Structures are given as structure tokens and as C-alpha cells.
Amino acid sequence: MSTRAGRRVTAAALVTAVLAAVIGFATPASAAKYVPINGAGSTWSEIAIREWKSNVYKNGLKVTYNGLGSSDGRNQFRNGTVDFAVSEIPYGLRDAGAGTSDPPPARGFAYMPIVAGGTAFMYHLKIGGKRVTNLRLSGDVLTKIFTRKITTWDDPQIKADNPGLALPARKIVPVVRSDGSGTTAQFSLWMSTQYPNLWNDWCRRNNRATPCGVTSYYPYPTDGSVVAQAGSLGVAGYVAQALGEGSITYVEYAYANGSGFPVAKVLNAAGYYVEPTKTSVAVGLLGAGIDKDLTQKLEGVYNNTDRRTYPLSSYSYMILPTKLENGFNENKGYTLGEFAKYFLCEGQQSVGGLGYSPLPKNLVEAGMTQVLQIPGVSPDKKDIANCHNPTFGPDGSNALAKTAPYPPECDHKDAPTQCSTGTGGARQETPTKGGQGSTGGSGTGGTGQSASPAATTPGAVATTGPPAAGGEQADPDTGAVAGDGGAGGGQYVDGVPVALRAEDGSGLARVLMILSGLLLVLVVVGPPLLSRSLGRRDEGGSR
Amino acid sequence: MTRRALALAVLLFALVGLVTVDVRPPAATAAVDDEQDPVTDSAMTVHGLPGEFGDDFTGLTITVAQTKALTSQGVVVSWTGGKPSVRRGDDPAATNYLQLMQCWGPDPAAPDFRETCQVGGSSVPARAPSAMDPRCSDEVGKPCESLPMDAQMVPFRPVEGKPTPHGGAAQPWPRKACGPPELKVTCPSTEADVLADYYSVYTTNEIPKAVTAADGTGRVVFEMQTDVEAPHLGCGSPGHLTCWLVIVPRGDHDRSKNPTEQIEGSPLGARVFQDAIPVPLQFQPVGAFCSLERAERRTTGTELVAGAMLSWQPALCENDGPVFGYSTAADDNAGRQVLAPDGPGLVFTSDPVVSPPDGPRLVHAPVALSAVVIAFNIDFRVDPGTTDSRAGRMLREVNLTPRLVAKLLTQSYKRDIPGSNQQVYEYLQDNPRTLRLDPEFIEANPQFDGFTAIATFDGLMVPIGNSAIAREVWRWILADPDARAWLEGKPDEHGMVVNKEYLPLFATGSAPTNFPREDLNCDTPPKQDKYCALDLRPYQGSFAEAGYQTLRADAKNRTSWDPNAFPKAAYKAFPPQQVTQRFAASITDAATAARYGLFTARLRNRAGEFVAPTDQSVLAAAAATVPSGTAGVREIDPKASIPGAYPLGMVTYAVGDTTEEQAARRDYANLIRYAVGTGQNPGVQRGQLPGGYVPLPDGLRAEARAAAEALEKAKPIVSPTPTPPESGGTGSPGESAGPGSTPESAVPADGAPPVAAPATPVAPALPSSTPVAALTQGQPLGSIRYALLGALGLGAVAALAGPAVRRIGRRRAGGRS
């Protein structure tokens, strides 16, 4: 309970502190007390920041945060309206999309890493009415999808990434951010360095100067082939809807997690398709180079050859004030310092569950150094030994990276088929055809249920999952998982195989068949009839 | 006052944080005009004075609902006998309004008392002394302005430290750095810059304009700030327990005592401040907080427990108690996390978590009883040019049927779909534009007689993502035959139909676990980019945020075209709705609504009554829950008719992992014991049960204690011959899916063997008015039935998706040409 004592400030001490600040040397902050602080910026890391700030209320800290995007955060910090900002990119990057520079602020500042995570590719795709949860994409295919070189899901290049899926001939709808976004900056940085030709070509087609490089403002045409939405919630919200079927977006993993949707496994330099879990991001970031100012150099992450790597791993920074100006005083510095020490250590415990990855030791140590630049910060606390960061191993190694599971062989690009395990917020399995399915992998305790092998049906998605070990019983008539209470499965019963199963037939099955048949007729006859009326409506509605 | 200032006024009013006063309307059917906010023993009533400028404030009677034992909380301030605020252009109150602020000075009669008031911080100067006030230096008599002529503001004096400079030549404001750093340019500071050392527009609790309705009444929720929120005021710090709420009434006369159409000037001006009404506030001492040095025990889970955890956390760490961290997570995600080897040892969920055979043994303990509510913020607004004594008052009562909520959640009112599509959708032409114009709504809400038809309602705010909250809202809706039939395509009595995009969703009969926006279509106004359904009705980040945005009356709809946006023209959000014109509502939890002082709708239950979420109605709901498939966990039966029961009462369970290490199990068990002990005492102090929660009945507390015991001892648990749960056998058979049916959860649900059933051999805690036998249905029929439903669902989806896809394709093609 030392904090209470620390809160007691004598007027004299404060006056001394203020005087000292004016003269320009730091004083011991023993007399400092907690005062409210506020920040603004990134939505990529907002979910983690929101949890931290509500957690430190019990410690007597009052923190407010406004997640309106990294660009907004950098602007507000520059204008002096916030005590700190959070951004995925530093000041001063040339942004062809912004048309103007993003100059560093006149006030003193430093960068500090706060949380790591994977820029994930959340998608909405169904095969035969069943949600696909195990999609895999290689980097160039991803880039081609977001630069409209690949426009349908059954493109041979996507099929090559997914030998176990009978991909539908559905249009791909890329969903991008319409507002200035650090997530866009991270994704465009990756594309511009890994696939510069594809990216520059896309920029050229969208009237951007080339070489295009990193941008916070995604270039997109207005012909409707690409959907633009504001904010992380906007893009995730679009993909999550029924009409979002066929769409894919880039967003921090936590948002896919929270929306109950899967994310694509992305091919890494070692030839494995990997999901952006806390461990794959932790491993990936072992390859990060850190500039002197703590901004990140990610080439080593993109091409990290550890087979557990998620290649689009990165981290968010807090932009810290290093001078007493713009209303930032020593008490605020003390409070911000304590808040930072909390979230670099204890606060990293919960980020894995939220869909992020805890910062590794080297970044925490570097971050602590930056914290000490904050005027008013208490200089003597939180040595690394007392930091309850889950990545810290006893021998100084990254515990998370050390214990990170290796991807199963079915995630290798040369495996005969692909893993059937779900990803992101959708842990249920997707049955795959050919070869052996697997429930292995780096899933978080998910024990998805599996359909019975007996349900293999020609013409439908073949189901060769492992034996039904999860305890769910498959219905012998339909191959569907029985019961509506199943966690998954139930809602995605595929009707098509039902209709095709003509052989054995109890009375009930026959009724089902007839009903399904009727519905099939409706499917065939309905669209022309409906679309005629809808077509009329469309014409009537156009300006 | 400019538009900007008004937006600020609304923002400030909205920035009421950590408000914990319970202001739910009583359940009785009282007329709007007769309702009162509940007051406490320490309520205080004060009166106005004859005004300095010739206004008569003596009829003004102001009641502050609580003035003692204050902590960080919201307190209702209501008044009668005020002169109605006068609208002028965009300004809802050009004259006749109140200004409220918190001050720390010891003596309100002292001449420098005004310097201790928290006012200002925005870009609009709010502390500027009036140049027209007589100066104390050259005038005899009072009141007079003691500051020099060139002073730019009334200084702010913090409780510790020196006052800010006043900005005159004797005390100039420091200059601030601006422009590119290499040029080392400085600019003059503003009032906000000078005050930023202490507070800003983001942190101040002042209410710059509280409006008085046509009948002379008004009501605001004032956020009391302790030493934590406002250390420069220091209220509640050692030796400083008394502070002041200062109310400055503003009339409609200028300094020459002539009537005016626009009141100007700072409330701190020497003469204006003569009219100030000080109300003494006694704060509770701000106690100790948890040490940042100590490791946390992690917890995660449903937002329904967030308000309680925020209160319990600092109490639990007292006397070297364990420090608990808490983060929000959806129910299914929380279930996954407690099963993960490196996950938290305790999570909160409304649904049972069933461990796989090789997974950890879990215990379930009921720790909080709360409710899902529909919170609203509606000002009674009349047609321009008409008069009504209710004009400008906040509505306290709204009745909603399941079908009305279904309409709000399915983009079926014409204003809930983008612009020109309202004309494109021929089949929707007979649908009302908004809830306000729906005859079904008016029938249930006669108090809307006389309410203007041009009210702008930006939709029912909801968050994205799966949750038990969302599912229970849908189960309540689907249990109502009228609502269900309407969702399946049957028009209501007035011809209103559901947005067709939603038909496939309900063809299966199962309850969605989120709030989908099935209609994603866009509008393309001339010479502008298109905007789409999610710009018009965006998701909120959480249930708590939905509640907060209701307080702000800001649905964040991005449909305001800004041709000058950076880096290119774009849609941006409208500012929040103005006070006196607010019409906002959200689905949130009762604790969030109570925290922000929001009124909540009465929902119609299966007994046909409109019921508000009160202690009694939520307890009645809890008593009527039925056993779920997991021992120790009960669930709502939405089909049961329970007179007096609120339909969306929700029990939150703490789910503990018995394979955690012993010290952790003990701490988590103690958390459960605290939660169902001291943590159930209602109140606003730390450690108490915040407003919006209902104290758990004794039976549930006993169950929780037994579960805590089982968790701490990690006893082998033998379930007292559990009835094997139905395959999905929760809730009403065949109709709405019950807990555990969250379709994409990886938590194995009821199909798994019941090994995880906690050993809580406690007699059923609550009398159940629903026969349990009604749950049991034939097993084989069960699964077949669902297969059929699945097939039907798929058929319907396919039948509808075909043309929809074609239409979208064509639309896109059309857009390119």
C-alpha cells in the first residue's frame, strides 16, 4: 500500500517540482501522485488498452483512451490535446495516400512498444452451406486478392493453397479500411516490401504515385469491387454478416476472435501455413529488428524461417511525451510511467486471451528504457525480475516462444491435404477431402467435434475427420452432428448430402428428402422468378 | 453560444463517468409528470435568489439526491420552478438554463472561492472575466471584479500547488511550442492550454448548460469526482472531505437588466457568480488502492459482471488480499480460456462450460444477478410552433414488445436502411419510417401522443460478436408467437413486414447468438461516395459502449458528407444529438444503464405484462429459471409465463478450474465467497454491489459457497446421479436454442459426458414455477427434428441467396458502368 503514501503531496514539494521543471532538471518523484491521464489512437490495439485501463482503476489510476485510429492519435498528440498516443507506425513516413507529410510533433516524444499481434485475414466463406474455418493462403495469393488479381474463390492459385477444400466459384470481396489506419499501414508495408510489383501495379491502377510504399489510406476503386468500411469494427462487422459471404478483410486477430470468425493461415518462409496466435506472433517477432528509436524493422519477421512464425506479426507503439509541455506535468508523467510499467508486465498476462501476443523480453526491456524518459516517472521501480510478463523464461529466454507448439505436418505446403481445425473465433472443424484430417495444431484447447466417417458423400464436401472422439454423436441418417446443443456443427448442417443419399431410407429420411427436394426445386425455379421481380425493382431504383 | 459550444455542452453532459446511482423508474404505472427520482437520506433541497441582473430565481427549487458519503458516482440533480429554456437557432438554451460545477474551496462566501471551481478546458473560453463588471480598484460597492482589466481568465487554484496565471501582463501565460520542431516557433497559449495541467474537456465534470423544460422542471446526472478523478479538487483526500456543488442559474436579462435573447459570459464573472447556489458535499475518504507491485490473479468473461468486478477489485486486495485482474470476453471465448492450460483459473459466463473428458474439472458458482436492458435517452420533443408542458423533459418510461424489438434489430424501419434504398425496397413501402411512427409502438406507449413525428432515431445500438446476452434477447423475441410469426414473414396488423434479408436467419428456428446486420446494401447519393448499412447503423464496441453512446445520444452513424475531409472527401460522424432533441436507445446491461443514469424500457413478458427491471422483477425471473444440462447452472425458459418477472434477468456464473495450483484455487474461492457475501451489499462504495445488480437470493449464495469449497479443496466431484442432459436439452425443445448452443463455440456443450458437473449437492435454491418435466422430449426425435430444420434452413438460404447474389452482382456491374 505504498501508493497511498506516495499520493500525499505537500504543497512545497509540488512547488519545488514545478520550479525544477521550469529550470529543467528532473527531481525524484517521491512526492508524485496519481492524476488522470488521457490518450488516443489505434483501434488495432484498442481492445488491449481498454482492458488495461479498466484494470488499473483498482490501483487508483484513471486513464481514458479514445480509439479513433492511429492517424488521429498522431495528430492529437502533435496538437497537444492528449497525454499519449498509440500508433502502429511512427511519424514522418512518406504516405502517398495522404498527400501531405506526417511531421513529427514539436513536443518531445519517444516510441515504446506496448502489445504485439498478428494482422489477420478474417474471412467469410462457405462450402455447401458449411462455414470454412481452415483456409490457407500464401503471401502472393493474399496480395493478389487485395489487389484484385485474383477475384474468385475457386481460382487455381487459392486451390493450390487448399488441396482439401472444394472451393466455390464465388466472387471474392476484399474489405478494406476507409479511414486512416495503422492496420492498413502494416498490411501495405508488408505488401510493398514483399510483393512490390503487385502493390505498385495496384497503386498505379488507383491513381497513386509509385513506388507506392506504406500508406495509412488503402487505395481502392469506387466501382464496388472492393468494399471500404471505417474502423476495425466496421470491416469485421461487414465480413461477419450473411451478405458478407465471400468477403475477406485484414484486421487485428482480436476482432476475428470477438466476432466468432475464422482467420486465414498464412504461409511462412519455412513452408508452413500458420495462424496468428499469441505463440506464432511471439516466435515471429524474434526476427524483428528494432531501430534505435524502437520503431520496428519487420523484414526479419516477414521472412523468419522458424516454422512456427506468423509472418505478419508486428507490434503497436505508444508515443510518450518526454518534456513538460502541453499540460503534461510531473504527476501525469508519474502516472503514465506507472501505467506503462503495469501493462508492459502484468498487463501482458491477459493479452493472449484477447487475441494479441505478449511483448517479448527484449521489447519490454527497451520499453522500460523509454519509460524512464518520461518526466516525473519514478526511476527506481520494476526491475525485469519482478515483471510478471508471461514471455519471460527463468533463463532469460522467451518462454512463450520456447514452448510454442510446432505446426502439424498437415499445415505444410507439401502435405497431401490440409488440417481441418478451425481458426480465430471459429474453432469448429472443416472437413477436408483426401488424405488425413487432423485435429493437431496450435489451437487453444479447442476440441472441435468431428463428423462421422460414414457420412462421406459423393458430390459434397468429403468428410474424413478423425474418429468421433469429442463425444458428439453423428446422426447416421444425415451425417450431421446430432442435437442443436452442440458447440458448433449444428447450425451448419449441410443439406446437400441429405438430398443425395438415396439408398437407405427410413420414413423420416424420406420426408426429409422430399422436403429438401422441394426446396431444391425452389432453388432452381426461385431465382429466375425472384430476380425478375428484383430486377424490375433495381431498374426502378436506379437514378 | 455557437454550435461548437453546444456540441461541447452535450459532450460534457455525456462525459459522466463512473456513475453508479440507480435511477430506474419505478414499476408502477405513473404518469410521466408525476415521477420522481429516488432520493437518499442526505438529499438536499436549495432555492434560488433574486438575480443580480433582474431575473427572479426565487421560485427555483433544486434537489440534489445525495450529498453525504459521496464517492465516484453520479447523483441526480432535479429542479422545478425554473423559467423554461428558450431555443434560438441551433442553441437549445440561449437563455434560462443552469450551469453546474464542482468546487473545493472551504468558504463559498470568500471572494476567491470561484477560483476553486472546475470550469473550462474546452476551446471556448469559459473562465473569462467580464470587461463590463465594475473593478474593485476604482469602484465603490460590490460586487466588483478584483482581477486587472487585462486578465484573460479567472485563475484556477488547485487544492495543492499554485494557481494558474490569469493571463494579464502581470501574470502572462507561457507560450507553447508549435510548428516544425527545427524552427523552434512558439505560439500564444489558450485558456485550455493553461488549464490542461489540471483538467480538460475530456475530464471535467461541469455541465455548461442544463436545460429547463416547458413545465419548469429539469434533471441532470452530475458526476461527483473524488481525489482519484480530480486530484486538483482533492475531494475525499485526507483532511479534505467537504467540497461543493455550485449551481449558477442563468436568466434572460443582460447586465443592464433588460430582457435579452442570448445570455453570454462566464459563470465565474464577478456579478454572475453572485447568483451561484452552493450545495455542500461530504465525501467518503478515498481509501487505499491495490499495489501495482503485486502479481494479479487473472479472470475474464462476460460484460454482465464488469461493473461488479470494478467495484470488488479494490476491496479484495485490501489487507494484502489477492489482486485480481479482469478482462471482458464473450461467454464462449471465456469457456475456451478456462479450459486452456495457460488460461485464467476463473472465468465468468452466463452459460455452462463443459470440460472434455481429458479436460480440467470445473465448478460453477452463481456470483451476480443482473439484467439485460434496453436503455434509452429520449427528450420529449414537440412539433415546431406547438407548446406542450412536457417539451424538453426526459421520458422516463417506454414499453416494448418482443415484436417491436425484433423490428428494431432487423433493419425493418425504413430509416434503418440507406437512403434511396428506402424507395427501392417496394415491399417495405408500407413500413413506418421509424419506431416513433409505428402504430404498434404508439399503442404500447400512449405517452408519445404529442411527440413530434420528425424525431430522429438512429437505431437501436448493439455491439458486434456472440454473447449469451444477444442469444437471450432473441430467445425472448422468438418465444413470442407474434414476434416469431412476424420474423418469419407474416405482416403485423398494420402491414409492416420484416426486411427480407432476415428471413433465412429465422427459418431454422434457432436463436442467433449475435445481432446480425443482414442487409448490407448501400446508397449512392449524387456526387458523393456511397455509404452503406454499417455506416448508417455501425456496431458499438461493447455493451458498455452502447450504453455510454446512449448517454451521449450518439450512434456514431457516419453519413455526414464532408467534402473537405483529409485526405479526401468522405463521410464522417454526425455530432451527438442536442439536449432537448435526443432520441437514442441501446441494448446494454442494467449496471451500465444505472451507472450512466439511463432509463430502461419495460419489456413485455410471456404473461403479457410490461415489466421494468426492478429487484422484484429480476428476482422473480431468477426464481423461474430451470435447470440446464449442467448441474448447478440454471437458465431462462423464455416460454414460461411468470407474472411479475422481467424477461431478461441473467445470472452470471464464476467457472473455476480445479486443476489450478492450490494457492490460486484458494484465492479464486475467496473471490467467489466475497462476491456472494459482502459483495452483494448494494451501494456505491468500493466493494459493494453497484446499481443495476440485484442481491443474489440466499439459495444461490449457498450454491456458490459450496462451489467455492469444491474449488478450493479440488475435491473429486461426484455428481449426485445427474440426469443425463438431453441432446441439446436446454430450454424449450425445438424452438429457441438454449445456452450451450452458441454455434461456433469450441466448448463442447451438452453432448459431452457430464463429468464436469460440479459437486454442489445443494437443494434447488429457487422455487421453480416451471415443471421440469416439460423439458424432456424423446431423444431420437430430437436429433431428426434438427436435421430437418437444418435442411429446411439451408433450402431457404439457398433459395434466397441465389437471387440476392445475382442482384448484388448486377448492382455492382451497374455501379461500374
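The values are calculated or read from the model by the stated rules, or taken from the named source; none is laboratory data. Computed from a predicted model, the values in this text were never measured in an experiment. Positions of Cβ are generated from backbone atoms using ideal geometry, with glycine treated the same way; all protein chains shown enter the neighbour counts.
Quick one: which of B:Gln171, B:Gln152 is out of contact with any strand residue (DSSP E or B) (no Cβ under 7 Å at 6 or more places or on another chain), closer than 27 Å to A:Arg78 by Cβ and more than 14 Å from chain A (Cβ to nearest Cβ)?
Numbers: B:Gln171 fails: closer than 27 Å to A:Arg78 by Cβ.
Criteria check complete, one pass: B:Gln152.
Could you give every pair whose Cβ atoms fall below 6 Å, whose first residue belongs to segment B:329-346 and is at the interface with chain A (Cβ under 7 Å from one of its Cβ atoms) and touching a residue at least 12 places away in the same chain (Cβ under 8 Å), and whose second residue is of a type in the set (Gly, Ala, Ser) and outside any loop (DSSP other than H, G, I, E, B), counting only separations of at least 6 or pairs across chains?
What qualifies is B:Ala329/B:Gly301; B:Gln337/A:Gly353.
Just one of (1) assigned to a strand (DSSP E or B); (2) within 15 Å of B:Met650 (Cβ to Cβ) trips up B:Ser327, so point out which.
(2)
Applying the selection to segment B:557-571, what residues are surrounded by 15 or more Cβ atoms within 10 Å (Cβ to Cβ) and at the interface with chain A (Cβ under 9 Å from one of its Cβ atoms)?
So in segment B:557-571, the residues surrounded by 15 or more Cβ atoms within 10 Å (Cβ to Cβ) come out as B:557-559, B:561, B:567, B:570-571.
Correct list: B:Arg558, B:Pro567, B:Ala570, B:Tyr571.
Output the number of residues of segment B:186-224 satisfying the condition of being more than 10 Å from chain A (Cβ to nearest Cβ), in a loop (DSSP other than H, G, I, E, B) and out of contact with any Asp or Glu (no Cβ under 9 Å at 6 or more places or on another chain). Walk me through how you get there before you give the answer.
Of the residues in segment B:186-224, the ones more than 10 Å from chain A (Cβ to nearest Cβ) are B:188, B:190-191, B:204-224.
From the residues that got through so far, the ones that are in a loop (DSSP other than H, G, I, E, B) too are B:188, B:190, B:204-206, B:212-217.
Those left that are additionally out of contact with any Asp or Glu (no Cβ under 9 Å at 6 or more places or on another chain): B:188, B:190, B:204, B:206, B:212, B:216.
Total satisfying the criteria: 6.
Take the residues in segment A:157-210 that are acidic (Asp, Glu) and buried (at least 22 other Cβ atoms within 10 Å of the Cβ), then tell me which one is modelled with the highest pLDDT. Write out each step before concluding.
Of all residues in segment A:157-210, those acidic (Asp, Glu) come to A:161, A:179, A:201.
Next, only the ones that are buried (at least 22 other Cβ atoms within 10 Å of the Cβ) stay: A:161, A:179.
Working: A:Asp161: 96, A:Asp179: 86.
Within segment A:157-210, the match that is modelled with the highest pLDDT is A:Asp161.
Among the residues of segment B:652-667, how many are buried (at least 24 other Cβ atoms within 10 Å of the Cβ) and in contact with a helix residue (DSSP H, G or I) (Cβ under 6 Å, 6 or more places away or on another chain)? Before you say what the answer is, go through the steps one by one.
Within segment B:652-667, the first condition is being buried (at least 24 other Cβ atoms within 10 Å of the Cβ), and the residues that meet it are B:652-657.
Filter once more, keeping what is in contact with a helix residue (DSSP H, G or I) (Cβ under 6 Å, 6 or more places away or on another chain): B:652, B:654-657.
The number of residues fulfilling the criteria is 5.
Exactly one of (1) within 30 Å of B:Pro92 (Cβ to Cβ); (2) in a strand (DSSP E or B); (3) touching a Ser or Thr at 6+ places or on another chain (Cβ under 9 Å) is unmet by B:Ile378. Its number?
(3)
Filter segment B:352-387 for residues that are among the small types (Gly, Ala, Ser) and touching a residue at least 12 places away in the same chain (Cβ under 8 Å) and give the result. Write out each step before concluding.
Of all residues in segment B:352-387, those among the small types (Gly, Ala, Ser) come to B:355, B:359, B:365, B:368, B:370-371, B:375, B:385.
Result: B:Ser355, B:Gly359, B:Ala365, B:Ala368, B:Ser370, B:Ala371, B:Ala375.
Residue by residue through segment A:382-402, note down the ones that are in a helix (DSSP H, G or I), in contact (Cβ under 8 Å) with a residue 12 or more places away in the chain and surrounded by fewer than 14 Cβ atoms within 10 Å (Cβ to Cβ). Lay out the reasoning, then the answer.
The initial filter retains those residues of segment A:382-402 that are in a helix (DSSP H, G or I), namely A:384-386, A:399-402.
Within this subset, residues satisfying the condition of being in contact (Cβ under 8 Å) with a residue 12 or more places away in the chain are A:384, A:386, A:400-401.
If the condition is that a residue be in a helix (DSSP H, G or I), in contact (Cβ under 8 Å) with a residue 12 or more places away in the chain and surrounded by fewer than 14 Cβ atoms within 10 Å (Cβ to Cβ), then A:Asn386 is the only one that fits.
Tell me whether segment B:513-534 contains one or more residues that are facing chain A (nearest Cβ under 9 Å) and farther than 27 Å from B:Gln577 by Cβ.
Checked against the condition, which is being facing chain A (nearest Cβ under 9 Å) and farther than 27 Å from B:Gln577 by Cβ, segment B:513-534 yields at least one hit.
Filter segment A:2-61 down to the residues that are of a type in the set (Phe, Trp, Tyr) and surrounded by 19 or more Cβ atoms within 10 Å (Cβ to Cβ), then identify the one that is modelled with the highest pLDDT.
Taking segment A:2-61 as the starting set, the residues that turn out to be of a type in the set (Phe, Trp, Tyr) are A:25, A:34, A:44, A:52, A:57.
Add one more test, that the residue is surrounded by 19 or more Cβ atoms within 10 Å (Cβ to Cβ), and what stays is A:34, A:44, A:52, A:57.
On the way: A:Tyr34: 91, A:Trp44: 89, A:Trp52: 95, A:Tyr57: 90.
The residue in question is A:Trp52.
For residues that are assigned to a loop (DSSP other than H, G, I, E, B) and of a type in the set (S, T, N, Q), scanning just segment B:435-453, find the one that is farthest from the chain's Cα centre (by Cα). Let's see the steps before the verdict.
The initial filter retains those residues of segment B:435-453 that are assigned to a loop (DSSP other than H, G, I, E, B), namely B:438, B:445, B:449-453.
Those left that are additionally of a type in the set (S, T, N, Q): B:445, B:452.
Working: B:Asn445: 22, B:Thr452: 25 Å.
Once the filter is applied, the top-ranked residue is B:Thr452.
Filter segment B:66-75 for residues that are buried (at least 22 other Cβ atoms within 10 Å of the Cβ) and either hydrophobic (A, V, I, L, M, F, W, C) or touching a helix residue (DSSP H, G or I) at 6+ places or on another chain (Cβ under 6 Å) (or both) and give the result.
B:Leu70, B:Val75
Considering only segment B:173-192, how many residues are of a type in the set (Gly, Ala, Ser) and modelled with pLDDT under 75? Please lay out each step first, then the result.
To start, the set of residues in segment B:173-192 that are of a type in the set (Gly, Ala, Ser) comprises B:177, B:179, B:189, B:192.
After this cut, where a residue has to be modelled with pLDDT under 75 as well, the list is B:179.
Total satisfying the criteria: 1.
Report yes if some residue within segment A:124-132 is without any contact (Cβ under 8 Å) to a residue 12 or more places away in the chain, farther than 22 Å from A:Val274 by Cα, within 9 Å of chain B (Cβ to nearest Cβ) and part of a loop (DSSP other than H, G, I, E, B); otherwise report no.
Here is the first cut: in segment A:124-132, the residues without any contact (Cβ under 8 Å) to a residue 12 or more places away in the chain are none.
Looking for residues that are without any contact (Cβ under 8 Å) to a residue 12 or more places away in the chain, farther than 22 Å from A:Val274 by Cα, within 9 Å of chain B (Cβ to nearest Cβ) and part of a loop (DSSP other than H, G, I, E, B), one finds none in segment A:124-132, hence no.
Give me the pairs: first residue in segment B:149-170 and closer than 17 Å to B:Gly234 by Cβ and surrounded by 14 or more Cβ atoms within 10 Å (Cβ to Cβ), second residue at pLDDT 95 or above and of a type in the set (Phe, Trp, Tyr), beta-carbon distance under 6 Å, and six or more apart or on different chains, which are they?
As it stands, the answer is B:Val159/B:Trp104; B:Thr164/B:Phe156, since those pairs meet every condition given.
Residues are listed down the side, and each one gets a yes or a no for (1) crowded, with 21+ Cβ neighbours inside 10 Å; (2) under 17 Å from the mean Cα position of the chain (by Cα); (3) under 27 Å from B:Cys522 (Cα atoms):
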{"site": "A:Tyr238", "(1), (2), (3)": "yes, yes, yes"}
{"site": "A:Tyr273", "(1), (2), (3)": "yes, yes, no"}
{"site": "A:Pro276", "(1), (2), (3)": "yes, yes, no"}
{"site": "A:Gln296", "(1), (2), (3)": "yes, no, no"}
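Quick one: in segment B:381-434, which of the residues that are touching a helix residue (DSSP H, G or I) at 6+ places or on another chain (Cβ under 7 Å), of a type in the set (A, V, I, L, M) and assigned to a helix (DSSP H, G or I) is nearest to the other protein chains (Cβ to nearest Cβ)?
B:Val424
I need the helices (runs of 4 or more DSSP H) fully contained in segment A:280-377, keeping only those with at least 1 residues that are at pLDDT 90 or above and under 30 Å from B:Ala177 (Cα atoms). Full working, then the answer.
On the way: elements: A:299-302, A:330-344, A:351-354, A:361-371.
It comes to A:330-344, A:361-371.
So, in segment B:484-533, exactly how many residues are part of a helix (DSSP H, G or I) and among the small types (Gly, Ala, Ser)?
Taking segment B:484-533 first, the residues part of a helix (DSSP H, G or I) are B:484-487, B:500-507, B:533.
In the following step, the residues that additionally are among the small types (Gly, Ala, Ser) were identified as B:485, B:507, B:533.
Here the count works out to 3.
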